[in-house]
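The values are calculated or read from the model by the stated rules, or taken from the named source; none is laboratory data. Since we're looking at a predicted model, the values are computed, not measured. Here the Cβ positions follow ideal geometry from the backbone for every residue, glycine too, while neighbour counts run over all protein chains shown.
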């Protein structure tokens, strides 16, 4: 029994250390959208411009995807 437990524990310890550590990203600005008639504040984690269109990397409810700026009614982002 002891011969099985030690290799299992060793493999668990080694596998836990093998992945990269996820860093918590801080929002760069906020934007507001109106969904279902109710305004909702959305955290923005990045801003980029592609083909003369500005996109925001939006948190919940957009699941941290790049979303067009036109989906929001207001924002305090620099671009």
Out of the residues in the stretch 62-79 that are in contact with a strand residue (DSSP E or B) (Cβ under 9 Å, 6 or more places away or on another chain) and exposed (fewer than 10 other Cβ atoms within 10 Å of the Cβ), which is modelled with the highest pLDDT?
70
Do we have residue 39 as modelled with pLDDT of 90 or more, closer than 14 Å to residue 77 by Cα and out of contact with any helix residue (DSSP H, G or I) (no Cβ under 8 Å at 6 or more places or on another chain) here?
no
